[in-house]
Structures are given as C-alpha cells and as structure tokens.
Amino acid sequence: MRIQQFLFRSILAAALSACALGSAWASAQEALNNFVKNRGFAEGQFSQVVISPSGAVKQRGTGEFSFSRPGKFRWEIKKPYPLLLLSNGSSVVSYDEDMGHATQKPIGNAMDSTPVALLFGSKNVDKLFNLKDEGMKDGKEWLVIRPKDKDNLFDYARIGWKDGLPVNLEIHDALGQVTQLELSNWDFSKQRPAGFFDFKAPAGVDLIRTQ
C-alpha cells in the first residue's frame with residue numbers, strides 16, 4: 001500500500017508542479033495557461049513530505065523528474081526507496097526496484113480527469129478543473145486547483161511560484177492528508193530522446209501488463 005500511495009501523490013505532484021511555470025509578470029492562471037501552450041519539456045529535482053490529518057510526518061522522499069509533451073514523463077524516487085514511474089505516451093509503467101516488480105497499464109482516458117492532464121494533455125484545462133488565483137503569500141503567487149469531477153482522488157491543490165518557477169506544492173485529499181513538495185534545479189535546455197521514456201526491464205524482472 002505504501003507504494004501505491006506514494007506513487008499516486010508523486011504523479012500528482014509532478015503534473016501540478018510543472019504547470020505552475022510561467023512569466024514572472026503573469027498571474028498564476030496566466031502562468032498555467034502559458035505553460036500548457038508553450039512548454040514542451042523540462043527536468044528537475046524534488047523533495048516531498050506527506051503529512052497526516054493530525055499533522056504528523058508520515059513520509060519523506062527525494063527524486064528526479066523529466067517530461068516531454070505530449071504524454072511522456074519519468075518520475076523517479078531515489079529515497080527512501082527506489083521507485084520509478086514512466087510513460088512513453090501510450091502506457092504507464094511503475095517499477096519497484098526493491099521488490100523486483102514492474103507493472104504496465106494503458107494511460108487511457110482516466111488521465112484526462114487528473115492533474116496529469118494539466119501537464120501531459122492537450123485539452124482545455126478549464127473543462128477539467130476550477131482555477132482560482134489566491135494572490136501573493138509568503139513571497140509567492142498561489143493558484144488553487146479543484147477538480148470538477150467530484151469522484152477525483154484529491155480534493156484540491158495549491159501551487160506557489162516565484163520568478164516564473166514553481167517552488168512549493170500542496171496536494172490535499174478528502175481525508176485531510178497533505179502532500180508538500182519543493183522543486184528545484186529546473187532545466188529546459190535539453191529534450192530527452194523518445195527512448196528515454198521507454199521501460200527496459202532489468203534482468204530477472206517480469207513486466208506484468210494490466211488493463
């Protein structure tokens with residue numbers, strides 16, 4: 001269960017964080033729209049903390065990410081345990097190195113109703129999410145994102161950005177748990193080849209395909 005929960009929060013974080021990018025002079029919503037239209041690829045690093053409804057720290061993690069529009073991404077947790085989430089645009093693979101276990105499933109239309117669509121999709125984000133500028137706080141411009149689909153797995157998210165870059169992320173679920181991320185070392189200078197987003201199973205690792 002720890003893998004699925006951490007993986008889910010990680011992919012949400014990856015999608016939402018990159019979407020916060022934009023011009024320094026723009027509002028948070030304008031920054032989001034500019035990014036969806038103009039940013040094709042990026043990579044960087046993240047640190048993550050999961051906080052329980054009581055305020056206790058449940059989990060910490062660090063890792064690296066890359067993406068290439070449309071639909072290709074690589075989200076790799078380095079600590080506390082190695083875990084890779086990878087998409088080549090048509091399928092998503094999750095690989096737990098410690099367990100020696102990898103699963104693959106189609107991306108499918110379900111991705112359109114998640115924050116992942118903000119990063120990898122091409123649809124109008126206004127059709128999927130309610131967006132609200134929260135203004136300046138703690139030296140950052142904040143954008144609140146709420147899914148229009150009431151059955152979504154998260155309640156709302158807050159994205160804080162500064163100088164055109166995302167610096168903080170908060171993902172709130174319906175049970176009161178919060179995932180906080182800090183993102184750093186953004187790099188837009190090099191686009192990864194398509195093969196970078198294909199999963200190559202290490203020796204002895206079975207790839208289980210599901211629907």
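Things to note:
- When both the stretch 23-97 and the stretch 170-198 are represented by their alpha-carbon centers, they are found 1 Å apart.
- Bridgeable aspartates and glutamates around K137 (alpha carbons under 17 Å apart, same-chain partners fewer than 8 residues away excluded): D163, E170, E182.
- Given K37/K127; K127/K148; K78/K140; K37/K140; K37/K148, the pairs whose alpha carbons are separated by over 18 Å: K78/K140; K37/K140; K37/K148
- Each of R60, R158, R74 has its accessible area taken with a 1.4 Å probe; listed largest first, they run R60, R74, R158.
- q = 0.24, 0.27 Å⁻¹: log10 I(q)/I(0) that the Debye formula gives for the stretch 32-73, counting C-alpha atoms only: -0.81, -0.89
- Accessible area in square angstrom per residue, the stretch 130-211, 1.4 angstrom probe: 61
- Taking all protein chains together and rolling a 1.4 Å probe, V167 ends up with roughly 40 Å² accessible.
The values are calculated or read from the model by the stated rules, or taken from the named source; none is laboratory data. Values in this document were obtained by computation on a predicted structure and should not be read as measured data. Ligands, DNA and RNA are stripped out before the accessible areas are found, and what is left, the full protein with its side chains, is counted by its heavy atoms. Shrake-Rupley method; radii C 1.70, N 1.55, O 1.52, S 1.80 Å.
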